[in-house]
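This report refers to the structure that appears directly beneath it.
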Ligand code: PMP
């Protein structure tokens, strides 16, 4: 079976597994304990992981806060920052293709008095900087803009939006879950971007492990933010709970590997995508239609309609041969709000499948599509 649902999740890299195992076995110490070896080793392992995550994102290690994944990271930043900034205004901006862990949080905030603008993407799944600028009000305090989309692969102009936010004193958060390991990220160069969410299981690390990057100011201080999880004060008091050392080590190792292979993996994803598109075009011609944008796109995500064929039936039928999905794994029972946002009707949504590639497969494995 060929696994092509890598935007839903990825398998753990063998080196990630090897790095994690000691922390499930002999190195079981609590990194908050002191003096004895198992605790010191756990603390050192967490420190190294933090350094590796920061290196992948090009930020400082003390700007990384470990979490259970992007759902928590998005909740923490959106709720925590808006709670602190509410005395300055109540308007927040997001887009209509966000993951539910952003959209649902913003909609919740609406119920407690925030005003929400949901920007509409164009047919390629992008918002533009001008559109963002137009949405700003004197009361705008916060924006959450997806960096790259999980169903289409569309990339938003985060650098331009960050410039606008910086000039207008708006806190900008970006859900970067889908872009880590697939595009170059250099947070030092994107001044106005205040926070991002990442999740290890999207780039060959373990599930239930992620992080927030939260920018410190010129004095080395975090902005005031209300924690989502109060307790023992771990992670600078911003995310309490005994650190999941094995999962953090897994995230760190996955980051180290992603950084080492970044250029190679990106070019492999582009090559695999071009190869597969050619196969699909030759084999299915006018019976298929691609939804994805051609520019400003994460490599390796293909959203395609098989005209007249129900996507659930197709994905089920292909399952013994190829693992695919109809869209986001998180909301597969509902018609995709992302595909609706780019203007597809229900019929077109119901015939769309998502193919998400991995740089760790070989081109010839994609020949399986020739045999369908
Ligand atoms: N944001 C995006 C864009 C995602 O694709 C996902 C996972 N499907 C999430 C957030 C949630 O991540 P996690 O599984 O780590 O909670």
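Throughout, read-outs are computed from the coordinates displayed, never taken from laboratory work. Because the structure is predicted, anything quoted here is derived from the model rather than measured. As a convention, Cβ positions derive from the backbone with ideal geometry for all residues, glycine included, and neighbour counts pool all protein chains shown.
How much of the DSSP beta bridge set in the chain is antiparallel, as a percent to the nearest 5?
Values: 20 of 38 bridges.
Rounded to the nearest five, the antiparallel share is 55 percent.
What number do you get for region 34-112 when its Cα radius of gyration is normalised by 2.2 N^0.38 Å, N = residues?
Working: Rg = 17.1 Å, N = 79, 2.2 N^0.38 = 11.6 Å.
It is 1.48.
Per residue, how big is the convex hull around the C-alpha atoms of region 4-135? Give it to me in cubic angstrom, could you? Provide the component values of the computation, followed by the final result.
Values: hull volume 23.7 nm³, N = 132.
For region 4-135, the hull spanned by Cα atoms encloses 179 Å³ per residue.
Quick check: convex hull over the Cα atoms of region 14-256, volume per residue in Å³, rounded to an integer?
117 Å³
Please report 144, 224, 100 as a ranked list, fewest other C-beta atoms within 10 angstrom at the top and most at the bottom. Could you put the intermediate results ahead of the total?
Numbers: 144 25, 224 10, 100 15.
Ranked by crowding around the Cβ, least crowded first: 224, 100, 144.
I'd like the FRET efficiency for residue 364 and residue 340, computed as 1/(1 + (r/R0)^6) with the beta carbon distance as r and R0 of 30 Å, rounded to 0.05.
Numbers: r = 36 Å, r/R0 = 1.21.
With R0 = 30 Å, the Cβ-Cβ based efficiency is 0.25.
Give me 314, 155, 214 ranked fewest to most by other Cβ atoms within 10 Å of their Cβ, as a rough exposure proxy.
Details: 314 17, 155 21, 214 24.
With the fewest neighbours first, 314, 155, 214 line up as 314, 155, 214.
Report the Cα centroid-to-centroid distance between region 277-350 and region 201-253 in angstrom, as an integer.
When both Cα centres are located, 34 Å separates them.
In region 1-146, what % of DSSP beta bridges are antiparallel (nearest 5)? Intermediate results must be reported in sequence, preceding the final value.
Working: 0 of 8 bridges.
Close to 0 percent.
Using 7 Å Cα-to-Cβ label points, what is the residue 28/residue 289 separation (nm, one decimal)?
With each label point 7 Å from Cα toward Cβ, the separation is 5.8 nm.
Only counting other Cβ atoms within 10 Å, I'd like 112, 288 sorted with the fewest neighbours first. Spell out each step's value before the answer.
Numbers: 112 11, 288 17.
So the ranking, lowest neighbour count to highest, is 112, 288.
Modelling each spin label as a point 7 Å along the Cα-to-Cβ direction, I'd like the residue 191/residue 160 distance in nm, to one decimal.
According to this spin-label approximation, the distance is 1.9 nm.
Could you calculate the contour length gain from residue 279 to residue 167, that is, 0.36 nm times the residue separation minus the distance between their Cα atoms, to one decimal place in nm?
Working: separation 112, 0.36 × 112 = 40.32 nm, distance 4.67 nm.
The residue 279-residue 167 span can extend by a further 35.6 nm.
Across region 221-291, what fraction of all alpha-carbon pairs, as a whole percent, falls in each successive 5 Å bin from zero upward?
3, 12, 10, 11, 10, 10, 9, 10, 9, 7, 6, 2
Can you give the relative contact order of the chain as a percent, counting alpha carbon pairs under 8 Å and 6+ residues apart?
Values: 748 pairs, mean separation 86.8, N = 372.
RCO, the chain: 23 percent.
At R0 = 45 Å, how high is the FRET efficiency between residue 316 and residue 240 if r is their beta carbon distance? Nearest 0.05 is fine. Could you put the intermediate results ahead of the total?
Numbers: r = 43 Å, r/R0 = 0.95.
Between residue 316 and residue 240 the formula returns 0.60.
When the expected Rg is taken as 2.2 N^0.38 Å, what fraction or multiple of it is the alpha-carbon Rg of region 162-282?
Details: Rg = 17.6 Å, N = 121, 2.2 N^0.38 = 13.6 Å.
Taking N as the residue count of region 162-282, the ratio is 1.30.
Using the beta-carbon distance between residue 128 and residue 183 and R0 = 22 Å, what value does 1/(1 + (r/R0)^6) give for FRET efficiency, to the nearest 0.05?
0.75
Given the Cα-Cα distance of residue 115 and residue 207 and 0.36 nm per residue of separation, how much length would full extension add, in nm? Walk me through the numbers before you get to the answer.
Numbers: separation 92, 0.36 × 92 = 33.12 nm, distance 3.34 nm.
Computed gain between residue 115 and residue 207 is 29.8 nm.
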